[in-house]
Each structure stands twice: as C-alpha cells, then as structure tokens.
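Asker: The structure follows.
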Amino acid sequence: MTTPTYLDGKHALVTGASSGLGWQFALTLARAGAKVSIAARNTAKLEELAKDIEQFDGRAMPIRMDVTDYQSIKDGVVAAETELGPINILVNNSGISIPAPAERVTEDDYDSVMDTNAKGAFFVAQAVGASMIKHGNGGKIINIASVASNRVLRHNIAYCMSKAAVKHMTAALADEWGRYKIQVNGINPGYIVTGINREYWETEPGKRLIQNLPGRRVGNPEHLDGVLLLLAGPGSDFMTGSMIEVDDGLTAHGF
C-alpha cells in the first residue's frame, strides 16, 4: 500500500532511529514525503537506514546525537537544520529500560534510565521547540512514552517513573507552546516486538504474558504507523496535550 505523501516538504527529526520503533518511524515519515534527520549514537546503523530510505527516493540525514549529553543535542539539531532546513516534526523517541526489582535498582541504572527517557526527552523537545518558536511556523512534537506512563510494569520502576514524566511533560509543553501553533502530543505503545525483545516472546514467561493480554498477542512497529501519521500531519492541527494508547486494550485491561 502506498502512503499518501502529505508530508512533502516537511523536515522530521527522529531520535533513537538506529533500531526498533525509531527505525520504523523514520521509514514511515520518509514514505509519507518528509525529509528525515535520523539521530542516534550508532551512526553505522543510521547509514544503513539512510540507504533503505534512499531506495524509495526518500531523503535521510544521519545525525550523531547522545540525548544524555546536552551539547550533543544542541549540536545535532543545528546539524540537522543546516542540512535539511527548519525542523517541522520531532519524534522524541530515544529510550531505554533496565528491568530490576525495586530493591535492586542501582543509582547508575536509575540515572541512565531517567537521563535518557525523561531528561533527554525534555532537552530534545526544548531545542527543537526553541527553533520552531524562532521560525514562527509552528510544528509537531510527538513524544513516545509507554503504557507504563499509566500503569505499573512489574520490576521496571525507573522506566515507569520516566515515562510518567514524559506524559506530564507532553501536557506541560502543550500548554506553554500552543500559542506558537506547536502541537505537542504523545503515543503510549503497548508491548511491541522489536529486535531487542524478539527472543523473549518465544520464552515460556513471554508466552504466559501474551496469554494474559487482551488480544493474546503483541504488536509490531507498523501498528504505530497510523497514529504517527495522524500526529505528524494536518489531521492533528486541533489536537495538543493528548496521549494516545496503541496497546491492543492493555491500558483498559486488569490483570
């Protein structure tokens, strides 16, 4: 199926684009006509993604960015805009998880999760938002949170805390930046199969978890395409501060 190219001429920045959801987000936006800056620490993987995008005549610019490094964020945004022009769409996607029972979470693990998922997400949004305000053309900021922003995922307390912060950040930025015609919304994905967790779903614990989910299944990154394109395009011009669950009913379900 061919995606309508209603993002022609737009410049999208996707963080955490070297794998998983970020990789799929970049492909989807490029197929919809956007020029895409793809950011991550692993530039070798970004070069592979850029080649994939170029195969369907898309345009992608690899950007080295470490979202836990404030200067790296600023430099990355400048590099992206120097090559492809002002950013119109941000997909604020970088995130990590270090599961452990609460009593075993180390300070280093806690800092790594919070610095990436909460602090990093804020300063990426700040850098891009400041540029959008300066250029005066509005824009779309899409924060990738998780069902963990609303409900507990056992043995993942730092991750849950960080994603709750992203949810609240989305509302706060929407409130502040609405006057600049910047729509700030977010996506709460449920359980999605990626390269990192693919093997887990074949284990006995993984299979048991699937049997407790509402639809007895886990999703694929492509299941987020529809809501991503909604929030990136004109269909969300009267939406801001919204968090959209794409979780096959997990948020509505009780264990």
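Asker: Which of the aspartates and glutamates could a cross-linker bridge to residue 74, judged by Cα under 20 Å and excluding same-chain residues fewer than eight apart?
Answerer: Of all the aspartates and glutamates, those that pass the test against residue 74 - Cα under 20 Å, at least 8 places apart if same chain - are 66, 83, 115.
Asker: Please label the shape of the stretch 20-107 as rounded, prolate or oblate, based on the square roots a ≥ b ≥ c of the eigenvalues of the alpha-carbon gyration tensor (a/c under 1.5 means rounded; beyond that, a/b larger than b/c means prolate, else oblate). Before the final figure, lay out each step's value.
Answerer: Values: a/c = 2.46, a/b = 1.69, b/c = 1.45.
Here the stretch 20-107 falls in the prolate category.
Asker: While we're on this one: Give the order of 187, 98 when sorted by the count of other beta carbons within 10 angstrom, beginning with the fewest. Write down the numbers at each step before the final one.
Answerer: Working: 187 25, 98 15.
Starting with the residue having the fewest Cβ neighbours, the order is 98, 187.
Asker: Would you work out which of 38, 76, 150 lies farthest towards the positive end of the dipole of the stretch 11-242? Charges go on Cβ: Lys and Arg +1, Asp and Glu -1.
Answerer: The residue sitting farthest along the positive end of the dipole is 150.
Asker: On a straight-distance basis, which lysines could pair with residue 207 in a cross-link, Cα separation under 22 angstrom, same-chain partners fewer than 8 positions away excluded?
Answerer: Residue 207 reaches no qualifying lysines.
Asker: Counting only complete DSSP H runs, which helices of the chain cover 15 Å or more along their long axis at the Cα atoms and score a mean Kyte-Doolittle of -0.5 or above?
Answerer: Numbers: long enough: 20-31 (17 Å, 0.62); 43-54 (16 Å, -0.57); 70-84 (21 Å, -0.05); 121-135 (21 Å, 1.05); 157-177 (30 Å, 0.38).
Long hydrophobic helices here: 20-31, 70-84, 121-135, 157-177.
Asker: Restricting attention to the stretch 97-205, which GluC sites (Glu not before Pro) occupy a DSSP loop and are surrounded by at most 12 other Cβ atoms within 10 Å?
Answerer: Details: sites: 103, 107, 176, 199, 202; in loops: 199.
Those that pass, being in a loop and sparsely packed, are 199.
Asker: Looking at 86, 183, 132, which one has the Cα that reaches farthest to the positive end of the dipole of the chain (charges on Cβ: Lys, Arg +1; Asp, Glu -1)?
Answerer: 183
Asker: Just one of (i) 19.2; (ii) 14.2; (iii) 13.5 is mean projected area of the Cα convex hull in nm² calculated from these coordinates, so which is it?
Answerer: Entry (iii).
Asker: Further question: For the residues 227, 14, what sequence is obtained by ranking on other C-beta atoms within 10 Å, fewest first? Display every interim value, and only then the final one.
Answerer: Details: 227 19, 14 34.
With the sparsest Cβ surroundings first, the list reads 227, 14.
Asker: Restricting to DSSP H runs of at least four residues, report the calculated mean residue ellipticity at 222 nm for the chain, -39500 (n - 2.57) per run over all residues, nearest 500 deg cm²/dmol.
Answerer: Numbers: 8 runs with 99 residues, N = 255.
Calculated at 222 nm, the ellipticity per residue is -12000 deg cm²/dmol.
Asker: Quick one: putting +1 on the C-beta of Lys and Arg, -1 on the C-beta of Asp and Glu, what dipole do you get for the chain around its Cα centre, in Debye to the nearest 20?
Answerer: Values: 24 positive and 28 negative charges, 92 e Å.
Dipole magnitude for the chain comes out near 440 debye.
Asker: Taking a threshold of 24 Å on the Cα-Cα distance, which of the pairs 119/140; 35/140; 45/167 fall above it? Intermediate results must be reported in sequence, preceding the final value.
Answerer: Working: 119/140 20 Å; 35/140 14 Å; 45/167 29 Å.
With Cα atoms farther than 24 Å apart: 45/167.
Asker: Using the number of other C-beta atoms within 10 angstrom as an exposure proxy, rank 253, 11 with the fewest first.
Answerer: On the way: 253 15, 11 23.
Least to most surrounded, the residues fall as 253, 11.
Asker: How about the stretch 159-248: which trypsin sites (Lys or Arg not before Pro) there lie in a loop by DSSP and see at most 15 other Cβ atoms within 10 Å?
Answerer: Details: sites: 163, 167, 179, 181, 198, 207, 208, 216, 217; in loops: 181, 198, 216, 217.
For trypsin sites (Lys or Arg not before Pro) across the stretch 159-248 that sit outside H, G, I, E and B with at most 15 neighbouring Cβ atoms in 10 Å, the list reads 181, 198, 216, 217.
Asker: Just flag the chymotrypsin sites (Phe, Trp or Tyr not before Pro) in the stretch 1-103 sitting in loop per DSSP whose Cβ has no more than 15 other Cβ atoms within 10 Å. Numbers along the way, then the final one.
Answerer: On the way: sites: 6, 23, 25, 56, 70; in loops: 6, 56.
In loop regions of the stretch 1-103 (DSSP not H, G, I, E or B), the sparsely surrounded chymotrypsin sites (Phe, Trp or Tyr not before Pro) are 6, 56.
Asker: Right, another one. In the Gaussian network model of the chain, springs joining C-alpha atoms below 10 Å, which of 17, 102, 40 carries the largest mean-square fluctuation?
Answerer: 102
Taken together, the values in this text are just the output of simple stated rules run on the coordinates, not laboratory data. Predicted model only: the values in this text are computed from it and were never measured. Virtual Cβ from ideal backbone geometry, glycine too; neighbours counted across all protein chains shown.
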